[in-house]
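**Student:** Here it is, the structure in full.
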Amino acid sequence: MSELMNIRFDLDMPMTAFEVVTPKHGTIEHCALAAGEEKIVEVPSSDSFIRLRLPTGRTVNLRHAGDLQYLITPNLIRRSATPNAVHSIERGVSAFEYYGSRDSLIRPDAITQLSRLRQLSIAQVEAYNTMRSVEVLDPLRLRYGRLYRRSQISGDVETKLPGDFNVRWKPAVLGMVDEDIDEVYFTPEAQDKPYELTIDGRRRFQIRIPGSVKSAFVRSDLVGTNHYLISVRVGTVSSDADAVGGYIAQSDYVSARTLLDWARLAVSGPHSGETDPYSTILALYLLLRLEPSSLMQDSLKALERCHPDIPDIYIIAAAHCTLGRPRRAKILNYIKQSFDVGLPVYTEGLHWLTQMLRMLGENGERYLDRLGQETQGVVWSSPFTALAYDFDEGDRIISLDVAYALEL
């Protein structure tokens, strides 16, 4: 006999995809909810559970002990930083059993003792930064029982991190240095054009940052004795768009497909792309990948008119032209416009651009050569276009980890 599972997202829960799963781990339904939304799903038994699919690529299982009434909050998800832990969370007469992410690699002692990062693997440090990235969105938050102390630096001064890495923004952005845990925090003003973030040291990295960025942090960790990991986390004005960008970056199109309603709404509104073009661009990338339609045309025209300095707009327009009956001259014109204003903000744009240029044969060869010259050392794992230069062969490895700062 089937039962009804009620799933509700709390008001501060960002949009997230999830699966409703049978006791034998079969998928009943793929869904997504945003803050304050709820859904009722018919399940075969009370042993059915929820598997959250986070935009970081991790999964979190939530199991209910009794009445299948789920209230999902960010605090519940944050606990996934402790692997295989089971927590009982009382809500009236209901109790949730929460099981931490099976693929989280962080030990509980690593959460509380930052000095032990040197004893962890690269995967563990990346996981650690993923699960704590939300905390930089609130500069007043207490971290692990101590105040996150900062001293302000002016925007036109380079900030030096451990390992002699200098951090600077173009245009300049004010930063706040955390002396205890070796990172610098930024709260840029939203703007139309993309930002460029440069990290200079024995290796130089350049990262394109969406102009809609709301907060970001950069930190360096010495892992073991010979590996520096530079971590960059970016949160924009739209946590929903960040979720979409995270799923695209992870190539998790099963989860991304559950967000198509959000994408359709983002491109079909009366002021689509006027106030936050970067959210609209991510919606267009999602539709281009999963459901290209005539909905995209009006939105692209509005973006071209209002935001001519964002190259991704022309890349999406060119890619949209390749569908149906390709018009080579128009495609090449859009590609030329994208090159005129710079590299795409999103790595997804680099994927599309490279694919189109290869399809265009001789007409695309000169652009492909130019793209190759301008994008040597692409960090393909970054959601934003990131390039690595000037590697100084030495006794230390230097790598870059870029992701969204999720509100979880």
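**Student:** Against the conditions (1) farther than 21 Å from S251 by Cβ; (2) touching a residue at least 40 places away in the same chain (Cβ under 8 Å); (3) not in a strand (DSSP E or B), where does N363 fall short? Just the number, please.
**Tutor:** Checking N363 against (1) farther than 21 Å from S251 by Cβ; (2) touching a residue at least 40 places away in the same chain (Cβ under 8 Å); (3) not in a strand (DSSP E or B), the one that fails is (2).
**Student:** Here's a check for you: in region 146-191, which residue that is assigned to a loop (DSSP other than H, G, I, E, B) and open to solvent by 80 Å² or more (accessible area, probe 1.4 Å) is modelled with the highest pLDDT? Give the derivation first.
**Tutor:** Residues of region 146-191 assigned to a loop (DSSP other than H, G, I, E, B): 148-149, 154-158, 162-164, 171-174, 179-182, 187-191.
Among the residues that remain, those that are also open to solvent by 80 Å² or more (accessible area, probe 1.4 Å) are: 149, 156, 158, 164, 174, 179, 189.
Working: R149: 43, D156: 54, E158: 62, D164: 87, L174: 82, E179: 60, E189: 91.
Result: E189.
**Student:** With respect to T322, determine if the residue is of a type in the set (S, T, N, Q) and either open to solvent by less than 10 Å² (accessible area, probe 1.4 Å) or under 22 Å from the mean Cα position of the chain (by Cα) (or both). It would help to see each step written out before you state the result.
**Tutor:** On the way: of a type in the set (S, T, N, Q): yes; either open to solvent by less than 10 Å² (accessible area, probe 1.4 Å) or under 22 Å from the mean Cα position of the chain (by Cα) (or both): no.
Considered against the rule, which asks whether it is of a type in the set (S, T, N, Q) and either open to solvent by less than 10 Å² (accessible area, probe 1.4 Å) or under 22 Å from the mean Cα position of the chain (by Cα) (or both), T322 comes out as no.
**Student:** Also, quick follow-up: Report, by residue number, each residue of region 1-17 that is open to solvent by less than 10 Å² (accessible area, probe 1.4 Å) and hydrophobic (A, V, I, L, M, F, W, C). Don't jump to the end; show me each part of the working.
**Tutor:** Looking only at region 1-17, we keep the residues that are open to solvent by less than 10 Å² (accessible area, probe 1.4 Å), and these are 5, 7, 9, 13, 16-17.
Within region 1-17, M5, I7, F9, M13, A17 qualify.
**Student:** I need the full set of residues from region 1-26 which are among the aliphatic types (A, V, I, L, M), assigned to a strand (DSSP E or B) and within 19 Å of Q69 (Cβ to Cβ), in order please. Outline the logic, then answer.
**Tutor:** The initial filter retains those residues of region 1-26 that are among the aliphatic types (A, V, I, L, M), namely 1, 4-5, 7, 11, 13, 15, 17, 20-21.
Okay, now just the ones that are also assigned to a strand (DSSP E or B), so 4-5, 7, 17, 20-21.
Selection gives L4, M5, I7, V20, V21.
Results for (1) assigned to a loop (DSSP other than H, G, I, E, B); (2) among the hydroxyl-bearing types (S, T, Y); (3) touching an Asp or Glu at 6+ places or on another chain (Cβ under 9 Å); (4) closer than 25 Å to G361 by Cβ, shown as yes or no for each residue.
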| site | (1), (2), (3), (4) |
| --- | --- |
| L284 | no, no, yes, no |
| L287 | no, no, no, no |
| S293 | yes, yes, no, no |
| M296 | no, no, no, no |
| S299 | no, yes, no, no |
| R305 | no, no, no, no |
| D309 | yes, no, yes, no |
| I313 | no, no, yes, yes |
| A317 | no, no, yes, yes |
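The values are calculated or read from the model by the stated rules, or taken from the named source; none is laboratory data. Note that the structure is a prediction, hence the values are computed from the model and not measured. Here Cβ is always computed from backbone atoms with ideal geometry, including for glycine, and neighbour counts include all displayed protein chains. For accessibility, only protein heavy atoms count, side chains too; no ligands or nucleic acids. Shrake-Rupley method; radii C 1.70, N 1.55, O 1.52, S 1.80 Å.
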